[in-house]
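Data first, discussion second: the structure below is written as structure tokens.
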Amino acid sequence: MSARVVLKRSIKRRIAFGHPWIYDNEIEKADSVEGGCIVDVLTNSGQFLGRGYYNPDSSIRVRLLTRRNCSIDTDFFAQKLKRSLAMKSSLLRYGNALRVTFGEADGLPGLIVDKFSDWLVVQFNTLGIGVLKNEIIEALIATLKPKGIFEKSEGISLTKEGLESKEGWLFGNGPELLPFSLNGVTFFADTKGQKTGFFLDQRDNAEKLSKYANGRNVLDVFSYTGNFSFHCLSQGASRATLVDSSERALSVARETAEINGFISRCEFVRANAFDYLREESLAGHSLVIVDPPAMAKSPSSKKSALRGYKELNLRVIKKAVSGSLLASSSCTQIISEDDWMRTINDAFHDSKKVGIVSFRGGQPLDHPEVSSIFETRYLKFCLFRVFELCDF
Ligand SMILES: C[S@@+](CC[C@H](N)C(=O)[O-])C[C@H]1O[C@@H](n2cnc3c(N)ncnc32)[C@H](O)[C@@H]1O
């Protein structure tokens, strides 16, 4: 029998309606168990509410894995993986890469699994999901039959759980750069790069943006390995300039350009994006992409993040010629789409320009947003056509 955690009398609606997190202050009493153990969560009157894993050192004490009274074993994970794949596999028509599991949004808190062709890159972002690693690896092998599974657990959520970064092959092996295809372009997931090696969440936005790129000179600021640039070049963009502070990301971008035959149309600039946008004229570019990393993790830094978004977009809008395009994105979860759009509108006002929205994007099918878990909604994307007030 699993150890038990009993909730306070008034259960938060959040928990009742599907959110998997149970905070320390929502618990009436708990059996004494080690971090990472499986526990049963009961209502105050003793009703079974779900089963999950426990961390006594985190303010999120329990993350529920299921609302059923079932074993948490290899078969349990295989069933969850199959359900996610059934929902998402239509994306495999557009390439051979997919976010198989997006943590809480796929009912597996703390677990990220990206498929890049025959390889998987996995993040175990919590203590409890790490304890279940063997069962998860077995389920991944049985369900997806990969050539290799690479662990790349890192980031702030890991630190919050008292864990250290981990990197290495857990099963089979593969090259350092994992080749895969997306919308007809060959990309690499860099096992020594950022996050899982590639930002699959921008797959739809990059594909849609590419339809506006024909004949344009692209400036891809915060390019990482060139997802947006290479989508645009594949759809007729004339040239692309990739700007990033990471030499590693730019060297992978160079290899990507070579393998796709784009290299003669590319320029790679290692620079701080804020300085670059202040110092360069931008005159030659008719499509500018701005996709910075998350700017805030906690509500206390929300204001400064919004200032950052305003500054970045302002620097582009001020210099943009009438009729050029600005593709702007934000992956900061704690900033709402409304606040972000208001901030960009402020930048348009300050520049005495207007932005006509060509399309708004968001998260693709393999990064689902769950109605009862607002934290699963984070990605914002908007393409503006920029005009001087007098030309509008
Ligand atoms: C969200 S990722 C961009 C993802 C990319 N657009 C894509 O779709 O693959 C943010 C990128 O910004 C880069 N970066 C972070 N701070 C930077 C800075 N101050 N100046 C330039 N690049 C920076 C990181 O190296 C990373 O490649």
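Being surrounded by fewer than 22 Cβ atoms within 10 Å (Cβ to Cβ) and in contact with a helix residue (DSSP H, G or I) (Cβ under 8 Å, 6 or more places away or on another chain) is the filter here, so list the residues in the range 244-260 that pass it.
Ser245, Arg254, Asn260
Kindly check whether there is at least one residue in the range 161-178 that is assigned to a strand (DSSP E or B), over 17 Å from Phe199 (Cβ atoms), of a type in the set (Phe, Trp, Tyr) and at pLDDT 95 or above.
There is at least one residue in the range 161-178 that is assigned to a strand (DSSP E or B), over 17 Å from Phe199 (Cβ atoms), of a type in the set (Phe, Trp, Tyr) and at pLDDT 95 or above.
If I go through the range 216-262 residue by residue, how many of them are outside any helix (DSSP H, G or I) and either within 11 Å of the ligand (Cβ to nearest atom) or under 20 Å from Ile356 (Cα atoms) (or both)?
The total comes to 16.
Would you mention how many residues in the range 124-160 are crowded, with 23+ Cβ neighbours inside 10 Å and not hydroxyl-bearing (Ser, Thr, Tyr)?
Of the residues in that region, 9 qualify.
Would you please list the contacts, defined by Cβ atoms under 9 Å and residues six or more apart or on different chains, that run from a residue in the range 317-339 that is acidic (Asp, Glu) to a residue that is in a loop (DSSP other than H, G, I, E, B)?
Every condition considered, the pairs that remain are Glu337/Gly362; Glu337/Arg377.
When the range 87-106 is examined, which residues are found to be surrounded by 15 or more Cβ atoms within 10 Å (Cβ to Cβ) and aliphatic (A, V, I, L, M)?
Answer for the range 87-106, where residues must be surrounded by 15 or more Cβ atoms within 10 Å (Cβ to Cβ) and aliphatic (A, V, I, L, M): Leu91, Ala97, Leu98, Val100, Ala105.
Which residues, taken from the range 107-121, are surrounded by fewer than 22 Cβ atoms within 10 Å (Cβ to Cβ) and among the charged types (D, E, K, R)?
Scanning the range 107-121 gives a single hit, Asp118.
Looking at the range 183-211, which of its residues are within 11 Å of the ligand (Cβ to nearest atom) and open to solvent by less than 10 Å² (accessible area, probe 1.4 Å)?
Phe187, Ala189, Asp190, Gly197, Phe198, Leu200, Gln202, Arg203, Asn205, Ala206, Leu209
Take the range 80-114 and flag every residue that is under 13 Å from the mean Cα position of the chain (by Cα) and among the aromatic types (Phe, Trp, Tyr).
Correct list: Phe102 only.
Report, ordered by the first and then the second residue, all pairs with beta carbons closer than 6 Å, sequence separation of six or more or different chains, a first member in the range 211-222 that is in the same structural domain as Val316 (by TED's automatic domain parsing) and β-branched (Val, Ile, Thr), and a second member that is within 14 Å of the ligand (Cβ to nearest atom) and open to solvent by less than 50 Å² (accessible area, probe 1.4 Å).
Note: pairs meeting the criteria are Val218/Ser229; Val218/Cys232; Val218/Ala240; Val218/Leu287; Val221/Val243; Val221/Ala273; Val221/Val290.
Report the residue count in the range 13-36 for those that are open to solvent by 20 Å² or more (accessible area, probe 1.4 Å) and free of Cβ contacts under 8 Å to residues at least 60 places away in the same chain.
13
What residue, of Asn25, Asn44, is of a type outside the set (Ser, Thr, Tyr) and out of contact with any strand residue (DSSP E or B) (no Cβ under 8 Å at 6 or more places or on another chain)?
The conditions single out Asn25.
Among the residues of the range 269-306, how many are more than 10 Å from the ligand (Cβ to nearest atom) and under 24 Å from the mean Cα position of the chain (by Cα)? Outline the logic, then answer.
Kept after step one, since they are more than 10 Å from the ligand (Cβ to nearest atom), are these residues of the range 269-306: 278-288, 296-306.
Filter once more, keeping what is under 24 Å from the mean Cα position of the chain (by Cα): 287-288, 296-306.
Here the count works out to 13.
Per-residue answers, yes or no, for (1) over 30 Å from Val33 (Cα atoms); (2) touching an Asp or Glu at 6+ places or on another chain (Cβ under 6 Å); (3) basic (Lys, Arg):
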| position | (1), (2), (3) |
| --- | --- |
| Val121 | yes, yes, no |
| Pro179 | yes, no, no |
| Phe188 | yes, no, no |
| Lys195 | yes, no, yes |
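Within the range 141-154, is even one residue in contact with a Ser or Thr (Cβ under 6 Å, 6 or more places away or on another chain), among the acidic types (Asp, Glu) and not assigned by TED's automatic domain parsing to the domain that holds Phe228?
There is at least one residue in the range 141-154 that is in contact with a Ser or Thr (Cβ under 6 Å, 6 or more places away or on another chain), among the acidic types (Asp, Glu) and not assigned by TED's automatic domain parsing to the domain that holds Phe228.
Checking the condition of a type in the set (Gly, Ala, Ser) and open to solvent by 60 Å² or more (accessible area, probe 1.4 Å), which residue from Ser2, Ser84, Ser10 passes?
Ser10
Within the range 356-392, work out how many residues are among the charged types (D, E, K, R), open to solvent by 70 Å² or more (accessible area, probe 1.4 Å), outside any strand (DSSP E or B) and closer than 30 Å to Ser84 by Cα.
2
Within the range 316-334, take every residue that is part of a loop (DSSP other than H, G, I, E, B) and within 14 Å of the ligand (Cβ to nearest atom) and give me the one that is surrounded by the most Cβ atoms within 10 Å (Cβ to Cβ).
So, considering only residues that are part of a loop (DSSP other than H, G, I, E, B) and within 14 Å of the ligand (Cβ to nearest atom), the one surrounded by the most Cβ atoms within 10 Å (Cβ to Cβ) is Thr332.
Considering only the range 17-37, I want to know if a residue exists there that is charged (D, E, K, R) and part of a strand (DSSP E or B).
yes
May I ask you to say which residue of Ser59, Ser117, Ser90 is of a type outside the set (D, E, K, R) and at positive phi? First the steps, then the outcome.
On the way: Ser59 fails: at positive phi; Ser90 fails: at positive phi.
Sole residue among the options that is of a type outside the set (D, E, K, R) and at positive phi: Ser117.
When you scan the range 223-232, do you find a residue that is surrounded by fewer than 20 Cβ atoms within 10 Å (Cβ to Cβ) and out of contact with any Ser or Thr (no Cβ under 6 Å at 6 or more places or on another chain), even just one?
no
The values are calculated or read from the model by the stated rules, or taken from the named source; none is laboratory data. These numbers come from a predicted model, not from an experiment. Please note: Cβ atoms are built from the backbone with ideal geometry, for glycine as well, and neighbour counts cover all protein chains shown. These area figures cover heavy atoms from the full protein model, side chains too; ligands, DNA and RNA do not enter into them. Shrake-Rupley method; radii C 1.70, N 1.55, O 1.52, S 1.80 Å.
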